[in-house]
Amino acid sequence: MYRLQNEGYDAYLVGGCVRDLLLGREPKDFDVVTNADPEQVREVFRNCRLIGRRFRLAHVCFGREIIEVATFRGAGEEKNDQQMLNKEGRLLRDNVYGTIEEDVWRRDFTVNALYYNIKDFSVVDFVGGMADHKTGTLKLIGDSDVRFREDPVRMLRAVRFAVKLGFKLDSACEQAIHNDVRLLASIPCARLYDEMIKLFLSGYALQTFEMLRHYGLFDVLFPATEHSLAVEENGFPRLLLIKALENSDNRIAEGKTITAYFLLAAFLWEPVRIRAKEKIAQGQVEFVAYQDAASEIIARQIKSTALPRHISMAMREVWNMQPKFNARVGSRPSRLIRHPRFRAGYDFLLLRAETGGADPELAQWWTKYQHASENEQRKMTQPPRNPNNKSARKRSYHRKPKDSSAPSES
Ligand code: ATP
Ligand code: MG
């Protein structure tokens, strides 16, 4: 920012970082806006890359850190969309870039539209963002319905910020979500996937889930899950997902990593399980039923949010492993434990056992099996002897001296 200023440009911090700093929180990243256009920014910084086609942005790299430097956006951008596309993406600078006074109207919430000016260390506030910040209110700039129609993803952003900041949506915003919820379905699946990841992997997954449901937004993201939640079975269906959300929030709080596929596997487990159950009732073999159900549910889900292939593959692996945990005899357990995703599958089994979806004894068996010595593992997976079979009893008696030479557990 000082470098830009020294070159005679204006530079401000804007958006989430100003908002978060005012709350005494550590910002996730820093967004800079300037009146220099992207080419001019590139002239100032050697360590700079221009990205974006429709709206060019400068990425300035400091070591591993990337600072996004945007040029003020102009008011006329929308009107000129057609014109810009006709020119094969070449932007008409005068129409796209603007002044700070124009830029502010392009932002979503008043608390996201505060500009920190390094020239005099002041916060520039055109839209009453400071007052809303003090009262903890999320308020859209301008008419809420218009702003949601412009970009329905703002509804998801509203929930994300409300949860993260502990803010309330103002009544106009709430009402507009109520009116416009269905518009979200028109957003490309890939963008919804990205936004959904931000919603659920930021450490407040459980609260986010509850609030999305409250506003009817969850149904747009996960229709099959929403549907399955309505069919309660002894209170179990909702528990697995809630527990998974809770666990992942706890892990983030403890500084541990979480994976998107595990949480997504939890989101869609009930739909998969219900579908597999139907297939089994129709006479399908359990393992095949789960595989087919997984394919169907994933095919349905990607109509709502995209699922990158590596994610859906991993989800399937976690699901397909579940019926395999029932086989505890012979060589199958030792093969399963060597599966590259065994850990995730096992964690998922624990989750099911904790929430009434699997026998806790089964989960305990797998916990013990994992930590057992090879010798013990072999014993654990031996077929049970039939006490009525005399010859078997005799054989076992004869083997006894040999067995007793093995290290005793006591
Ligand atoms: P986070 O803490 O998640 O980074 P943020 O407010 O910085 O929150 P970003 O997505 O990084 O969110 O966007 C930076 C700023 O750009 C926002 O604060 C907002 O002013 C503006 N902005 C981003 N997305 C939109 C949008 N869809 N509509 C309007 N303004 C947006
Ligand atoms: Mg940001």
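Think of the range 117-220 as having a plus end and a minus end, set by charges on the Cβ of Lys, Arg, Asp and Glu; of 122, 178, 155, 122 sits farthest toward the positive end of this dipole. Taken as Cα centroids, the range 255-318 and the range 1-68 sit 41 Å apart, rounded to the nearest whole angstrom.
State which entries of 139/198; 28/134; 28/324; 256/279 exceed 31 angstrom in Cα-Cα distance in the structure shown. Walk me through the intermediate numbers first.
Working: 139/198 20 Å; 28/134 21 Å; 28/324 41 Å; 256/279 38 Å.
Over 31 Å apart, Cα to Cα: 28/324; 256/279.
Given the peptides 258-268, 50-60, arrange them by the average over their residues of other C-beta atoms within 10 Å, most packed first.
Numbers: 258-268: 21.5, 50-60: 15.4.
The most tightly packed comes first, giving 258-268, 50-60.
List the aspartates and glutamates whose Cα sits under 17 Å from the Cα of residue 368, skipping any in the same chain fewer than 8 residues away. Partners within reach: 347, 354, 359, 376, 409. Computed in the context of the full set of protein chains, the accessible area of the range 191-384 at 1.4 Å probe radius has 52% of its extent on carbon or sulfur.
Rounded to the nearest 500, the helix-only mean residue ellipticity at 222 nm of the chain stands at -16000 deg cm²/dmol, with each DSSP H run of n ≥ 4 adding -39,500 (n - 2.57).
For a distance above 35 Å, tell me the whole-number percent of Cα pairs in the chain that qualify.
On the way: 37456 of 83845 pairs.
So the pairs more than 35 Å apart make up 45 percent of the total in the chain.
Please report, in debye to the nearest 20, how large the charge dipole of the range 191-384 is about its Cα centre when each Lys and Arg carries +1 at its beta carbon and each Asp and Glu carries -1 there.
On the way: 26 positive and 22 negative charges, 151 e Å.
Around 720 debye, computed over the range 191-384.
Place +1 on the Cβ of every Lys and Arg and -1 on the Cβ of every Asp and Glu in the chain, take the dipole about the Cα centre, and give the residue among 340, 315, 214 whose Cα lies farthest towards its positive end. Of the options given, the answer is 340.
Rolling a 1.4 Å probe over the protein heavy atoms gives the chain an accessible area of 54 Å² per residue. Spin-label pair residue 53-residue 328: with each label point 7 Å from Cα along the Cα-Cβ axis, the two points sit 5.7 nm from one another.
Using the Cα centre as the reference, give the magnitude of the dipole from point charges on the C-beta atoms of the chain (Lys, Arg: +1; Asp, Glu: -1; all else neutral), rounded to the nearest 20 debye. For this selection, approximately 3060 debye.
Each residue of the range 273-290 was assigned a 3J(HN,Hα) from its phi angle through the Karplus curve 6.51 cos²θ - 1.76 cosθ + 1.60 (θ = phi - 60°); the sequence is 4, 5, 5, 4, 4, 4, 5, 5, 4, 7, x, 6, 5, 3, 4, 5, 4, 5 Hz, with glycine and proline shown as x. Over all Cα atoms in the range 191-384, the spread is summed up by Rg and Dmax: 17.1, 55 Å. 3J(HN,Hα) along the range 13-29, derived from phi through the Karplus expression 6.51 cos²θ - 1.76 cosθ + 1.60 where θ = phi - 60°, amounts to 7, 8, x, x, 5, 5, 4, 5, 5, 5, 8, x, 9, 7, x, 6, 7 Hz, with x in place of Gly and Pro.
The values are calculated or read from the model by the stated rules, or taken from the named source; none is laboratory data. All values reported here derive from a predicted model rather than from experimental measurement. Heads up, the Cβs are rebuilt from the backbone with ideal geometry, glycines too, and the neighbour counts pull from every protein chain shown. For accessibility, only protein heavy atoms count, side chains too; no ligands or nucleic acids. Shrake-Rupley method; radii C 1.70, N 1.55, O 1.52, S 1.80 Å.
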